[in-house]
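Student: Before I ask anything, here is the structure I am working with.
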Amino acid sequence: MNLSFQNKLIPWILLLTSLVYLSTMCPTIYVGDSGELTAAAFALGIPHNSGYPLYCLLGKLFCLVPIGTIGFRMNLMSACLGVGTIGLIYSVILKRTEERIPAVVGALFLAFTPLFWFQTVSAEVYTLHAFLVALLIRLLVWWEERREFSILALFALVTGLSFGNHLQTVMLAPAVFYLIFSVDRKALLDRKRFLLLSLFLVLPLLVYLFLPLRTEAGAALHWGDPNTWERFWSHVSGKAHRDVYVFSKSPGEYLERGKEVLLLVWSQVGVMLGLSAWGWLTSPRRWRVFWGLVILFDSFYTVFLNIISLQVTAFNIPTLMVLAILMGGGIHQALKRVNALVSTKALLAGIRTACLLFPMVLLAANYGRCNQSKNYTAYEWAVNTVRTLEPGNILLLEGDNNLFPVLYLRAVERAREDLVLYDRQNIVFKMPYLGKSSRVFHGDWEDLRNILEREIIVQKQDTGVHYSMFETQSLSLPRGCRVIPYGLVHRVVPEEALANPYKIRNPWAVYASESFYDDYERDFLSRQVASHFFYRKGLYVFMGGETVPGRELMLRASSLGFDDPGILSMVGITLAEEGFHDEGRQTMEKAARQQRDESITENNWGCFYQKIKEYEPAIRHFQRAIALNPRKPVYRNNLGFVLFEMGERQASEEALRKSLEIHADQPNIEKFIEEKLRDRNP
């Protein structure tokens with residue numbers, strides 16, 4: 001076998017994957033973290049924990065490439081890293097099998113697997129993580145072959161760099177330590193070598209000095225302000241999320257998440273998992289243990305150390321990479337059997353050709369699913385959001401899909417600098433205190449945020465205050481204020497303004513909408529944003545008295561958000577309010593099947609029945625919601641309101657006062673009791 005000839009195939013593999021990834025790449029920022037990571041790289045800022053300093057520094061280099069927009073350049077980095085990962089996987093399989101067909105098939109199988117492919121179309125940290133993991137595996141294969149300390153030192157250096165991008169790298173530790181000990185125990189037990197390897201591992205971690213240095217320099221984005229040791233460690237280690245993410249679920253919930261992981265892997269690999277199993281069984285013992293430990297701890301990280309939906313975040317890419325490598329080994333074993341059983345050269349050539357055509361079938365099958373070349377969703381949502389507002393208006397943002405695209409517009413494109421922006425997490429656009437009190441506040445962030453927002457609204461209401469968020473039921477507004485839909489945002493208005501007819505500008509006339517109407521495959525986050533676009537437009541059409549077009553827009557929203565219980569519930573309740581009871585009920589049933597929190601489901605059914613004036617079932621559902629989650633004030637408020645509509649004023653007051661006992665800072669509930677139930681007060 002001519003390894004030199006085999007290696008000459010790498011440029012062709014890289015060319016093919018490059019052309020595919022470039023043709024399917026998102027042309028601008030994507031939904032989710034893309035806008036934040038792009039803005040952080042461009043401004044040399046600090047994104048969410050762990051700060052991703054290596055990603056930001058490398059991203060800054062790509063931001064300097066004079067091609068397209070900054071969003072496009074960061075997406076280009078993901079595509080390049082994806083291509084590099086495929087080249088490394090090819091090299092690993094080729095080294096293990098010494099045969100080009102298994103290496104080509106295994107590498108291209110990974111390349112055209114939707115989970116991996118989707119990471120190459122937009123700015124995300126996972127392609128850099130995948131590239132570094134693939135490089136680490138290639139270095140281990142090289143070290144096992146030569147047993148040279150210099151290779152192990154390079155491995156330690158790359159490991160340190162990988163930690164500078166993503167802390168999930170630690171999940172490789174059990175597999176790596178086992179393999180090194182099983183090959184050459186002395187490599188780590190020798191004190192001098194161990195100290196040198198530790199030095200090579202630690203030196204790249206100095207990249208985390210980027211965080212305090214850029215904070216002190218006043219970077220446009222400095223999430224967590226990590227310029228003190230306490231805040232630095234909190235940000236790098238993810239301390240703020242640990243209570244929520246780490247071992248925070250019940251055994252039943254972990255079992256369900258484990259099933260989701262297995263189904264996700266099966267959806268990507270399918271029956272080809274059999275070839276991966278064959279490749280694993282025929283691997284040397286130490287490598288069987290190594291591959292098994294990588295998959296085991298990658299799955300452990302996904303199941304027990306995270307709660308983010310698998311529809312949103314690609315945790316299992318290391319597992320897919322291992323399965324692709326093992327698949328190459330399985331194909332190698334299969335071809336060996338075929339060579340032993342088949343003597344006809346033409347038939348052998350046909351079988352080999354069929355193997356090489358398999359990745360092309362995968363490419364054809366998944367191209368439409370992964371093609372995001374028309375996806376301007378996040379960018380158009382952000383542009384439309386700021387187009388809604390007049391100069392000097394205040395916009396309070398909440399949620400990644402609302403905040404991060406607008407962050408990109410402001411930090412990178414310097415768009416609409418005439419607007420005042422605040423984010424409700426107080427991460428980037430921090431809220432000031434406009435009140436007169438000089439007392440020190442003691443309490444949690446939500447209570448402080450309510451105080452800050454109410455002062456902003458009271459002091460600046462004449463300038464126009466708006467919210468950009470998907471759900472507004474939990475807002476705690478000043479007395480006498482309400483929020484109303486206004487295009488893609490919600491506008492704060494005084495209650496007295498709602499009592500009289502008034503005219504406002506139609507923001508939908510200036511909105512960009514091509515990406516929302518284009519026909520292409522959307523992932524969960526893109527569908528979430530698009531479904532809210534059509535939901536908001538449906539609300540606007542309903543407000544204009546056009547019920548049939550409004551219904552069509554609502555049904556389109558529910559179709560796009562078929563697995564999003566939030567949007568389904570909102571659509572179902574709105575359809576019920578507009579008189580489409582049957583379709584509203586069907587939509588609510590879909591939402592109930594998707595919603596995992598039973599108390600939310602019960603509350604939403606209560607709202608549905610309240611809209612159609614069926615008060616008895618509404619009360620039952622609200623009471624069930626309260627029984628399931630008695631510390632949720634909004635459930636008691638909803639119960640109080642429906643009791644008031646029924647004329648049960650005493651019961652209504654009791655429910656609302658219990659809500660105030662749970663959370664006293666609800667000015668509009670206090671106002672409702674005083675004005676609507678005042679004849680019951682002493």
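Student: Being of a type outside the set (Ser, Thr, Tyr), at positive phi and surrounded by fewer than 24 Cβ atoms within 10 Å (Cβ to Cβ), is that true of even one residue in segment 133-147? Even if it seems obvious, please write down each step before you answer.
Tutor: If we filter segment 133-147 for residues that are of a type outside the set (Ser, Thr, Tyr), which is where we start, we get 133-147.
Keeping just the survivors that are at positive phi gives 147.
From what's left, surrounded by fewer than 24 Cβ atoms within 10 Å (Cβ to Cβ): 147.
Yes; the residues of segment 133-147 include at least one that is of a type outside the set (Ser, Thr, Tyr), at positive phi and surrounded by fewer than 24 Cβ atoms within 10 Å (Cβ to Cβ).
Student: Looking at segment 563-593, which of its residues are more than 24 Å from Ser526 (Cβ to Cβ) and not in a helix (DSSP H, G or I)?
Tutor: Residues satisfying the conditions are Glu578, Gly579, Phe580.
Student: Quick check, is Ser50 under 20 Å from the mean Cα position of the chain (by Cα), over 30 Å from Lys8 (Cα atoms) and of a type in the set (S, T, N, Q)?
Tutor: On the way: under 20 Å from the mean Cα position of the chain (by Cα): yes; over 30 Å from Lys8 (Cα atoms): yes; of a type in the set (S, T, N, Q): yes.
Yes; evaluated as a whole, the condition is true for this residue.
Student: Which one of Tyr520, Tyr511 is within 30 Å of Arg454 (Cα to Cα), surrounded by 14 or more Cβ atoms within 10 Å (Cβ to Cβ), of a type in the set (Ser, Thr, Tyr) and out of contact with any strand residue (DSSP E or B) (no Cβ under 9 Å at 6 or more places or on another chain)?
Tutor: Answer to the selection: Tyr511.
Student: Also: Could you please find all residues in segment 386-409 being of a type in the set (A, V, I, L, M) and farther than 20 Å from Gln459 by Cβ?
Tutor: Val386, Leu403, Val406, Leu407, Leu409
Student: Pick out the one residue from Phe622, Phe533 that is of a type in the set (Phe, Trp, Tyr), buried (at least 23 other Cβ atoms within 10 Å of the Cβ) and closer than 30 Å to Pro667 by Cα.
Tutor: Step by step, each of Phe622, Phe533 is checked, and only Phe622 is of a type in the set (Phe, Trp, Tyr), buried (at least 23 other Cβ atoms within 10 Å of the Cβ) and closer than 30 Å to Pro667 by Cα.
Student: Kindly indicate whether Ser283 is assigned by TED's automatic domain parsing to the domain that holds Leu108, surrounded by fewer than 15 Cβ atoms within 10 Å (Cβ to Cβ), among the polar types (S, T, N, Q) and closer than 27 Å to His166 by Cβ.
Tutor: no
Student: Does segment 374-389 contain at least one residue that is more than 21 Å from Gln528 (Cβ to Cβ), in contact (Cβ under 8 Å) with a residue 60 or more places away in the chain, outside the structural domain of Trp117 (by TED's automatic domain parsing) and out of contact with any helix residue (DSSP H, G or I) (no Cβ under 7 Å at 6 or more places or on another chain)? Full working, then the answer.
Tutor: Just the residues of segment 374-389 that are more than 21 Å from Gln528 (Cβ to Cβ), to begin with: 389.
Right, trim to in contact (Cβ under 8 Å) with a residue 60 or more places away in the chain and you get 389.
Next, from what is left, pick out any that are outside the structural domain of Trp117 (by TED's automatic domain parsing): 389.
If we keep only those that are out of contact with any helix residue (DSSP H, G or I) (no Cβ under 7 Å at 6 or more places or on another chain) too, we end up with 389.
Yes: one or more hits.
Student: Next question. Among the candidates Leu213, Leu172, which residue alone is out of contact with any helix residue (DSSP H, G or I) (no Cβ under 6 Å at 6 or more places or on another chain), modelled with pLDDT of 95 or more and crowded, with 19+ Cβ neighbours inside 10 Å?
Tutor: Leu172
Student: Test each condition in (1) in a loop (DSSP other than H, G, I, E, B); (2) within 29 Å of Val92 (Cα to Cα) for Ile308 and report the one that comes out false.
Tutor: Tallying (1) in a loop (DSSP other than H, G, I, E, B); (2) within 29 Å of Val92 (Cα to Cα), Ile308 fails exactly one: (2).
Student: Turning to a different aspect of this structure: Just for segment 650-659: of the residues that are touching a residue at least 24 places away in the same chain (Cβ under 8 Å) and surrounded by 15 or more Cβ atoms within 10 Å (Cβ to Cβ), which one is nearest to Asn637 (Cα to Cα)?
Tutor: Ser659
Student: Would you be able to say whether some residue in segment 89-102 is in contact with a Phe, Trp or Tyr (Cβ under 8 Å, 6 or more places away or on another chain), crowded, with 24+ Cβ neighbours inside 10 Å and in contact (Cβ under 8 Å) with a residue 40 or more places away in the chain?
Tutor: no
Student: Taking the stated definitions as given, is Asn638 among the polar types (S, T, N, Q) and farther than 23 Å from Phe534 by Cβ? So that I can check it myself, show each step before the final result.
Tutor: Values: among the polar types (S, T, N, Q): yes; farther than 23 Å from Phe534 by Cβ: yes.
So Asn638 passes the test.
Student: Surrounded by 19 or more Cβ atoms within 10 Å (Cβ to Cβ) and either modelled with pLDDT of 90 or more or not acidic (Asp, Glu) (or both): does that describe Asn426?
Tutor: In short, no.
The values are calculated or read from the model by the stated rules, or taken from the named source; none is laboratory data. Nothing here was measured: the structure is a model prediction, and the numbers come from that model. As a convention, Cβ positions derive from the backbone with ideal geometry for all residues, glycine included, and neighbour counts pool all protein chains shown.
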